[in-house]
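Notes for the one structure printed next.
The values are calculated or read from the model by the stated rules, or taken from the named source; none is laboratory data. Every value quoted in this text rests on a predicted model; they were computed, and no experiment measured them. Cβ placement follows ideal geometry from the backbone for every residue including glycine, while neighbour counts extend to all protein chains displayed. We work out accessible area using only protein heavy atoms, side chains counted, and drop any ligands, DNA or RNA first. Shrake-Rupley method; radii C 1.70, N 1.55, O 1.52, S 1.80 Å.
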Amino acid sequence: METKIVIAVDGYASCGKSTLAKALAAALNYIYIDTGAMYRAVTLYCIENELDIDDKEAIDAALQQIKIHFEKIHQKNTTFLNDRNVEEEIRKMYINERVSEVAAISAVRRAMVEQQRKMGKQKGVVLDGRDIGTVVFPGAELKLFMTAAINVRTQRRVDELGAKGLVVSDEEVRENLIHRDHIDSTRADSPLKLADDAIVIDNSNINPNEQLAMCLALTTQRISTFMNKPE
Ligand code: DC
């Protein structure tokens with residue numbers, strides 16, 4: 001039987017995690033799970049329902065109402081919040097500005113992690129996030145940790161938003177990335193950190209194809225290690 005593994009792709013905001021994770025999943029015929037999209041969808045719900053994020057009871061009640069799922073539409077991974085397509089909305093700047101606060105709430109993390117573990121139970125998955133290799137799947141067979149220079153990340157995010165017709169200044173984007181990384185790395189619950197057994201990929205100076213080739217080679221290596229592991 002073909003050996004399938006769990007691949008964790010963690011790292012900073014706008015480091016090309018999703019580009020790599022999607023490409024890996026497509027090349028390996030694995031399922032891609034965008035865990036950041038789940039925190040973004042919860043953030044959208046909180047904003048639309050004017051929830052006070054410090055109100056634990058309101059958050060617990062909201063989590064009972066929130067159903068998130070993914071569908072492939074025109075080959076594109078698409079996020080649904082309570083059966084509504086929110087893929088475009090959750091990428092907007094006002095969500096970027098609030099998502100780290102919402103993702104720091106323990107009840108929110110517990111609920112999302114539970115769903116992520118269910119989705120990845122069968123293996124053959126690539127998950128992109130911040131705590132996949134440390135918390136969600138600490139036993140993931142391959143853990144990649146992505147990083148890139150801040151100016152490179154800023155330019156990528158500005159271009160990405162620009163392609164969607166959203167005009168933002170470099171400064172605004174840069175500040176938001178730094179702010180989010182700070183909250184994500186210093187929060188008490190499951191902060192973004194390098195797992196001991198993760199491989200760091202700095203993609204400041206390599207293109208997506210080079211990055212994919214490198215990570216596919218690592219995947220093949222890992223699969224053969226696990227296949228040959230004595231029982
Ligand atoms: O990867 P992204 O930019 O779409 O993630 C949005 C936010 O969600 C990010 O600022 C941190 C949070 N996040 C998290 O805390 N844990 C994850 N596994 C994924 C994302």
Residues that are open to solvent by 40 Å² or more (accessible area, probe 1.4 Å) and touching a Gly at 6+ places or on another chain (Cβ under 7 Å), drawn from region 12-45: 31
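Please indicate, with yes or no, whether at least one residue in region 94-111 is farther than 20 Å from residue 190 by Cα and of a type outside the set (D, E, K, R).
Yes, that holds for at least one residue.
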Those residues of region 46-65 which are surrounded by fewer than 19 Cβ atoms within 10 Å (Cβ to Cβ) and within 20 Å of the chain's Cα centre (by Cα), in sequence order: 63
Residues (of a type outside the set (Val, Ile, Thr), more than 13 Å from the ligand (Cβ to nearest atom) and either within 16 Å of residue 36 (Cβ to Cβ) or buried (at least 22 other Cβ atoms within 10 Å of the Cβ) (or both)) located in region 123-142: 142
Whichever residue in region 155-167 is aliphatic (A, V, I, L, M) and in a loop (DSSP other than H, G, I, E, B) and, among such residues, is nearest to residue 90 (Cα to Cα): 166
Residue that is assigned to a helix (DSSP H, G or I) and among the β-branched types (Val, Ile, Thr), where the choices are 200, 173: 173
Identity of the residue in region 180-207, open to solvent by 90 Å² or more (accessible area, probe 1.4 Å) and within 14 Å of the ligand (Cβ to nearest atom), that ends up farthest from residue 154 (Cα to Cα): 188
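Being more than 10 Å from the ligand (Cβ to nearest atom), at pLDDT 95 or above, assigned to a helix (DSSP H, G or I) and over 14 Å from the mean Cα position of the chain (by Cα) is the requirement here; does residue 25 meet it?
Values: more than 10 Å from the ligand (Cβ to nearest atom): yes; at pLDDT 95 or above: yes; assigned to a helix (DSSP H, G or I): yes; over 14 Å from the mean Cα position of the chain (by Cα): no.
No, not satisfied.
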Residue in region 56-79 that is in contact (Cβ under 8 Å) with a residue 60 or more places away in the chain, polar (S, T, N, Q) and within 16 Å of the ligand (Cβ to nearest atom) present: no
Any hit, region 145-154, residues being in a loop (DSSP other than H, G, I, E, B), among the aliphatic types (A, V, I, L, M), more than 15 Å from the ligand (Cβ to nearest atom) and surrounded by 15 or more Cβ atoms within 10 Å (Cβ to Cβ): no
Any pair with Cβ under 7 angstrom, 6 or more apart, that starts in region 1-19 at a residue that is over 30 Å from residue 155 (Cβ atoms) and ends at one that is within 14 Å of the ligand (Cβ to nearest atom) and in a strand (DSSP E or B): 6/125
Long-range neighbours under 7 Å by Cβ, at least six apart or interchain, first residue within 12 Å of the ligand (Cβ to nearest atom) within region 95-122, second open to solvent by 50 Å² or more (accessible area, probe 1.4 Å): 98/47
